[in-house]
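Here the structure comes first, spelled out in structure tokens, and everything after it is commentary.
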Amino acid sequence: MLEIVYRDESMVVINKPVGMLVHRSSVAPGETVFAVQRLRDQIGMKVHPVHRLDKPTSGLLVFTLDVESLKAIQTQFTEKKVEKVYWAVVRGYLNKEGTLDYPLKREVDPYANSEAEGSQSAVTHYRCLAQTELPVAVGRYPTTRYSWAELRPETGRKHQLRRHMAHLRHPIVGDSRHGVGVHNRFFRDHFGIQRLLLHAQKISFNHPTTGARITLTAGLDEAFNNALMNAGLAGPADAPADLKP
């Protein structure tokens, strides 16, 4: 069963589990489980995905129950009126806070008969929530450092957060495409973590019917929680109340 975070007569918001595609895609022809079909079967109604999350990313995913609501929320995305917050575990000591304004080249669908042209503007705001240094050599240094990061994308480019953090030399742990293999293997071998440590934790937008501002949050799964605690980034009592996993 999918975890439903919010539901009314206009929309449904779920906490998408890691490893699930939003809908069918030519990029993954062998996949058989999709959030659209799973939610439709669960609530017995047709649903319309408002946006997407990558397969290895967990967290808040918004669906509407009618086309009018779909258009209303998608317009807010276009006009940058939707606020999104992601949590990630990244390599190294991330600066306290900052903004990366770095255009990204369009990524090509390997199954499409077309080529990407030019770059797209991309802006990500980031903040360090916690840092840790472990007495383990991962790579050439005798210790290794990680940060718990809050990421706020201002734009919505493909793999934006993963590519931006890699550009900052703070790749997200578990990222097999833009990350660093030795750190991914360290979390897998020492902590049993085999997922991308990126989670869509909060979203704010105006209700498509009433216009009231809605802010929703989604809890972390067991693997992400374990990653934070085992790496020494968070525990039951040491994180601020609004940041506890």
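The values are calculated or read from the model by the stated rules, or taken from the named source; none is laboratory data. Keep in mind that this is a model prediction, so the values were computed, not measured. All Cβ positions, glycine included, derive from the backbone under ideal geometry; neighbour counts span all protein chains shown.
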| message | Could you check the stretch 170-192 and list, in sequence order, the residues that are in contact with a Lys or Arg (Cβ under 8 Å, 6 or more places away or on another chain) and at pLDDT 95 or above? | response | 170, 171, 172, 173, 174, 175, 183
| field | Residue within the stretch 160-168 that is within 25 Å of residue 72 (Cβ to Cβ), among the small types (Gly, Ala, Ser), surrounded by 15 or more Cβ atoms within 10 Å (Cβ to Cβ) and modelled with pLDDT of 95 or more present | value | no
| remark: Exception for residue 222 within (1) under 19 Å from residue 87 (Cβ atoms); (2) surrounded by 16 or more Cβ atoms within 10 Å (Cβ to Cβ) falls at (2)
| message | Would you confirm, using the coordinates I've provided, whether residue 93 is modelled with pLDDT of 95 or more and surrounded by 14 or more Cβ atoms within 10 Å (Cβ to Cβ)? | response | yes
| request: Scan the stretch 193-245 for residues that are among the aliphatic types (A, V, I, L, M) and either more than 26 Å from residue 70 (Cβ to Cβ) or at pLDDT below 95 (or both) and report the count. | output: 15
| task | Within the stretch 125-144, count every residue that is of a type in the set (Ser, Thr, Tyr), out of contact with any Asp or Glu (no Cβ under 7 Å at 6 or more places or on another chain) and assigned to a loop (DSSP other than H, G, I, E, B). | result | 1
| Given the structure, is residue 32 under 21 Å from residue 214 (Cβ atoms), surrounded by fewer than 19 Cβ atoms within 10 Å (Cβ to Cβ) and of a type in the set (Ser, Thr, Tyr)? | no
| said: Step by step: first the residues of the stretch 225-239, then only those that are hydrophobic (A, V, I, L, M, F, W, C) and farther than 29 Å from residue 154 by Cβ, then the one that is surrounded by the most Cβ atoms within 10 Å (Cβ to Cβ). Which residue is that? | reply: 229
| note | Considering the stretch 183-219, residues that are of a type in the set (A, V, I, L, M), touching a residue at least 60 places away in the same chain (Cβ under 8 Å) and in a loop (DSSP other than H, G, I, E, B), and then whichever is surrounded by the fewest Cβ atoms within 10 Å (Cβ to Cβ), we arrive at 218
| task | Assess whether residue 147 counts as being part of a strand (DSSP E or B) and either touching a Pro at 6+ places or on another chain (Cβ under 9 Å) or among the polar types (S, T, N, Q) (or both). | result | yes
